[in-house]
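Chemist: Quick one: the structure is below, questions incoming.
The values are calculated or read from the model by the stated rules, or taken from the named source; none is laboratory data. Only a predicted model underlies this, so the values are computations on that prediction, with no experimental measurement involved. Here the Cβ positions follow ideal geometry from the backbone for every residue, glycine too, while neighbour counts run over all protein chains shown. Note: areas computed on protein heavy atoms with side chains; ligands, DNA, RNA excluded. Shrake-Rupley method; radii C 1.70, N 1.55, O 1.52, S 1.80 Å.
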Amino acid sequence: MKIPMTITEKIFAAHSGRDFVNAGELISAKVDITLANDITGPIAISEFKKTGAKRVFDASRVVLVPDHFVPNKDIKSAEQAKIVRDFSKEQNLTNYFEVGRMGIEHALLPDKGIVTAGDLIIGADSHTCTYGALGAFSTGVGSTDLGCTMASGETWFKVPSAIKVEFYGKLNKWVCAKDLILHLIGDIGVDGALYKTLEIGGDVIKNMPMDGRFTICNMAIEAGAKNGIIEPDNITKEFLKGRTLREPIFYKSDDDAVYEKVLKYDVSEIEPTIAKPHLPENTCPISKIGDIKINQAVIGSCTNGRLSDLKAASEILKGKKVHPDVRLLVFPGTQEIYLEAIKLGYIENIIKAGGAVSTPTCGPCLGGHCGILAKGEKAISTTNRNFVGRMGHPESEVYLASPAVAAASAVTGKISSPEEI
């Protein structure tokens, strides 16, 4: 008898040598890709060495991307990056990316074709869930788990139960993927999908370009989800064509697959959405945000540093000036995105408006460097978290929003809809 399964369950079954798996089961599964960065990598490398292994399980499937504190901000961060660099050379890793060639990891791996549909991917970074946009299972793990998996090529999982989310209707002007995921998190809360699969679909998603799908799956973790995933379709296949290094496998959930619940959202009722301090669930429509002056606007990160994000910001900033009391910081997701944005004139528009454009880095998102907030300062940011002290001083504030809203706010000096400029 055929057992109905979700996409996630099918990926687990395939990677554990099983015909089927059930939600709640503990399984051991082989992984396609392991990922770490310059913060989590040194710890994972240390744990790898404790296993006694001399070589990683596959030098083409262990990926190291220094992107958090690079270009290095101080001696400690330089030492961390050196550990990752030296280990990559020692192990002859195929996929190590040095400054100048690296990008923000969760923008870089899909663009390079390192991850693909049907994969099982773990990363020592919580936003590894981004790759669910390709129809892959991807999730964040601790550095110890990652270090052991770098040696063995497999690890254990508890198969998550699933929540199905459907977005339908017609998007309002200036409403984008970031607004949809913020709206969802605001509705169910930061623990609303705790250790569950968020399977995202509906007519709106079926017509959404890959950039938006990456944004949505990237923030699944902010609802507590184990993974976010979107059924691969022709848009996915077109993105992967000529790009992926391995043959993709396209899974879809069975019609009678079991879900804990099904959530449906009419997007025509969703405005540009803001997450106020200090949780991503603390959302409100922009029409109700009030008069909130800002000191800094950040556009970029693994959530919104893709070409369409820079395009949205560029279109709003063209011919305008950043407010004299605001610092606008822009971080393209990869060097390729940066270069294409230059060719298309997006970077010129941003710089002429008074924005500062940086090499790809996670710097300001985690309060690392390149944009730390001082006491009492407020920032609007296209990043994914706004916890206390996330971007600097514990008494600073972070408001999460889309690139269009962040760009408009940079011009007006307060949190604003693009309709206001």
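Chemist: Is it true that some residue in the stretch 88-100 is in contact with a helix residue (DSSP H, G or I) (Cβ under 7 Å, 6 or more places away or on another chain) and open to solvent by less than 10 Å² (accessible area, probe 1.4 Å)?
Modeler: no
Chemist: May I ask you to list pairs of residues, at least six apart or on different chains, whose Cβ atoms are under 9 Å apart, with the first in the stretch 400-411 being open to solvent by 10 Å² or more (accessible area, probe 1.4 Å) and the second being assigned to a helix (DSSP H, G or I) and polar (S, T, N, Q)?
Modeler: Correct list of pairs: empty, since none qualify.
Chemist: Yes or no: the stretch 125-132 includes at least one residue that is modelled with pLDDT of 95 or more, among the aromatic types (Phe, Trp, Tyr) and either in a helix (DSSP H, G or I) or open to solvent by less than 10 Å² (accessible area, probe 1.4 Å) (or both).
Modeler: Yes: the stretch 125-132 contains one or more residues that are modelled with pLDDT of 95 or more, among the aromatic types (Phe, Trp, Tyr) and either in a helix (DSSP H, G or I) or open to solvent by less than 10 Å² (accessible area, probe 1.4 Å) (or both).
Chemist: Just the residues that are buried (at least 20 other Cβ atoms within 10 Å of the Cβ) and on the phi > 0 side of the Ramachandran plot, please, taken from the stretch 134-173.
Modeler: Of everything in the stretch 134-173, just one residue is buried (at least 20 other Cβ atoms within 10 Å of the Cβ) and on the phi > 0 side of the Ramachandran plot, namely Gly135.
Chemist: Could you list, in sequence order, all residues of the stretch 348-372 that are open to solvent by less than 20 Å² (accessible area, probe 1.4 Å), outside any loop (DSSP other than H, G, I, E, B) and out of contact with any Gly (no Cβ under 9 Å at 6 or more places or on another chain)?
Modeler: Matches in the stretch 348-372: Ile350 only.
Chemist: Among the residues of the stretch 373-399, how many are of a type outside the set (Lys, Arg), open to solvent by 10 Å² or more (accessible area, probe 1.4 Å) and outside any loop (DSSP other than H, G, I, E, B)?
Modeler: Qualifying residue count for the region: 3.
Chemist: Does Ser60 fit the bill of being closer than 30 Å to Asp233 by Cβ, open to solvent by 10 Å² or more (accessible area, probe 1.4 Å) and over 22 Å from the mean Cα position of the chain (by Cα)?
Modeler: Taking the combined requirement at face value, the residue satisfies it.
Chemist: Within the stretch 262-273, can you find the residues that are open to solvent by 70 Å² or more (accessible area, probe 1.4 Å) and either at pLDDT below 95 or assigned to a helix (DSSP H, G or I) (or both)?
Modeler: Taking the stretch 262-273 as the starting set, the residues that turn out to be open to solvent by 70 Å² or more (accessible area, probe 1.4 Å) are 262, 264, 269.
Glu269 - this is the single residue of the stretch 262-273 that is open to solvent by 70 Å² or more (accessible area, probe 1.4 Å) and either at pLDDT below 95 or assigned to a helix (DSSP H, G or I) (or both).
Chemist: For the stretch 320-341, how many residues meet the condition of being without any contact (Cβ under 8 Å) to a residue 40 or more places away in the chain and either within 15 Å of Ala408 (Cβ to Cβ) or in a strand (DSSP E or B) (or both)?
Modeler: Summing the residues that are without any contact (Cβ under 8 Å) to a residue 40 or more places away in the chain and either within 15 Å of Ala408 (Cβ to Cβ) or in a strand (DSSP E or B) (or both) in the stretch 320-341 gives 1.
Chemist: Scanning the stretch 215-248 for residues that are among the hydrophobic types (A, V, I, L, M, F, W, C) and in a loop (DSSP other than H, G, I, E, B), which turns out modelled with the lowest pLDDT?
Modeler: Among those residues, the one meeting the criterion is Leu245.
Chemist: I'm trying to understand the selection: among the residues of the stretch 254-273, which are within 23 Å of the chain's Cα centre (by Cα) and among the hydroxyl-bearing types (Ser, Thr, Tyr)?
Modeler: Once the filter is applied, which keeps residues that are within 23 Å of the chain's Cα centre (by Cα) and among the hydroxyl-bearing types (Ser, Thr, Tyr), the stretch 254-273 yields Tyr265, Thr273.
Chemist: Anything in the stretch 63-81 that is open to solvent by 50 Å² or more (accessible area, probe 1.4 Å) and outside any helix (DSSP H, G or I)? List them, or say none.
Modeler: Within the stretch 63-81, Pro71, Asn72, Lys73, Asp74 meet the criteria.
Chemist: Can you find a residue in the stretch 220-237 that is without any contact (Cβ under 8 Å) to a residue 40 or more places away in the chain, open to solvent by 50 Å² or more (accessible area, probe 1.4 Å) and of a type in the set (Asp, Glu)?
Modeler: Within the stretch 220-237 (the criterion being without any contact (Cβ under 8 Å) to a residue 40 or more places away in the chain, open to solvent by 50 Å² or more (accessible area, probe 1.4 Å) and of a type in the set (Asp, Glu)), the answer is no, since none of the residues qualifies.
Chemist: Can you tell me which residue is surrounded by the most Cβ atoms within 10 Å (Cβ to Cβ) among those in the stretch 1-54 that are of a type in the set (Ser, Thr, Tyr) and not in a helix (DSSP H, G or I)?
Modeler: So in the stretch 1-54, the residues of a type in the set (Ser, Thr, Tyr) come out as 6, 8, 16, 28, 34, 40, 46, 51.
From the residues that got through so far, the ones that are not in a helix (DSSP H, G or I) too are 6, 16, 28, 34, 40, 51.
Working: Thr6: 25, Ser16: 18, Ser28: 12, Thr34: 29, Thr40: 24, Thr51: 12.
Within the stretch 1-54, the match that is surrounded by the most Cβ atoms within 10 Å (Cβ to Cβ) is Thr34.
Table: residues versus (1) modelled with pLDDT under 95; (2) more than 20 Å from the chain's Cα centre (by Cα).
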residue	(1), (2)
Ile380	no, no
Ser396	no, yes
Tyr399	no, no
Thr412	no, yes
Pro418	yes, yes
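Chemist: With the checklist (1) surrounded by 21 or more Cβ atoms within 10 Å (Cβ to Cβ); (2) assigned to a loop (DSSP other than H, G, I, E, B) in hand, flag the one item Ala312 doesn't pass.
Modeler: (2) is the only condition that Ala312 fails.
Chemist: Which one is farthest from Pro248 (Cα to Cα), of the residues in the stretch 15-56 that are without any contact (Cβ under 8 Å) to a residue 40 or more places away in the chain and in contact with a helix residue (DSSP H, G or I) (Cβ under 7 Å, 6 or more places away or on another chain)?
Modeler: Looking at residues that are without any contact (Cβ under 8 Å) to a residue 40 or more places away in the chain and in contact with a helix residue (DSSP H, G or I) (Cβ under 7 Å, 6 or more places away or on another chain), I get Arg55.
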